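A short reminder: the numbers here are calculations on the coordinates, not readings from a lab. Fair warning: this is a prediction, and the values are worked out from it, not measured in the lab. Reconstructed Cβ throughout: ideal geometry from the backbone, glycine too, with neighbour counts over all protein chains shown.
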Amino acid sequence: MRTRRAYVDLTWNGAAVAGKMSGYQKDVTYTDPASGEADSIDVSIHDRGGKWIGPWFPETGDTLAATITPDMIQSWNWDRKLAGTYTGGEYTYTDPGTEEEIKVNVGEGPRILKVSGKADNKADAERKIKAAVANANHGASKMSVTIMGTASLVASQCVAMVGLGKLSGKYYIDQITHHIGGSGYTMDLDLSLVE
């Protein structure tokens, strides 16, 4: 497997420490979730000379930051579930002016999501049912890919996957895990199909 060579500049409590750590650092893993969780940096080290259990021992409140400095799909898998997914939707609302019940439909097929609520007009109801179907179907088609690392991708971004036949499309990046070590710089992307 060919991987891109990469180097990591580490900053500990605001001071550059990459040079001091050059004989100790093994791997760096950076995980960037889309939302709801903080990013995390894991640094694997050798403790030659016992410095990490002595004067270099991390204290509560210490800060560590990493900058990835790189000097594309290596593997992938895909999963699709049909249970609990929808091929269309129906939104029912009451017209505020006429008190008439109005139904707005999008898509077709055997699996229709039915929602009722408030809407200002048919266009508003259509936007709401499209969003409800998209939200209900999020994660129904998932892909995991390992690529050569590039710091330009971030979680919550959308990417176009092309050249994959029926799997091609626009995917939302749910999470990225960066791996930097002796074998190079790779990224694991967890993706959900959005269109």
Below 8 Å between Cα atoms, with a sequence gap of 6+, how large is the relative contact order for region 88-137 in percent?
43
3J(HN,Hα) from dihedral phi, region 153-161, Karplus parametrisation 6.51/-1.76/1.60, rounded to Hz, x for glycine, proline:
8, 9, 4, 5, 8, 9, 10, 8, 9
Label selected from (i) 0.95; (ii) 1.05; (iii) 1.46, the criterion being Cα Rg over 2.2 N^0.38 Å as computed here:
(iii)
Based on DSSP H runs of at least 4 residues, each adding -39500 (n - 2.57), what is the mean residue ellipticity at 222 nm of the chain after dividing by all its residues, to the nearest 500 deg cm²/dmol?
-3000 deg cm²/dmol
For the chain, with +1 on Lys and Arg beta carbons and -1 on Asp and Glu, the positive-most of S152, Y185, Q175 along the dipole:
Y185
Counting only DSSP beta bridges fully inside the chain, the antiparallel percentage to nearest 5 is 90
Please give every one of the lysines within straight-line cross-link reach of K142, meaning a C-alpha to C-alpha distance under 21 Å, and leave out same-chain neighbours fewer than 8 residues apart.
K81, K130, K166, K170
Given +1 on the Cβ of Lys and Arg, -1 on the Cβ of Asp and Glu, and no further charges, what dipole in debye does the chain carry about its Cα centre, rounded to the nearest 20?
720
In whole angstrom, how far apart do the alpha carbon centroids of region 106-138 and region 174-195 sit?
32
Search the structure for amide H atoms under 5 Å from the amide H of K114, placed 1.01 Å from N in the peptide plane, and list their residues when 5 or more places away or on another chain.
E90
Apply the Kirkwood formula to region 88-137: the hydrodynamic radius equals the inverse of the mean of 1/r over all pairs of different alpha-carbon atoms; give it in Å with one decimal.
10.8
Going by average Cβ density within 10 Å per residue, which order do the peptides 88-101, 144-157 take, highest to lowest?
144-157, 88-101
Packing-based order for 107-116, 175-184, using average beta carbon neighbours within 10 Å, highest first:
175-184, 107-116
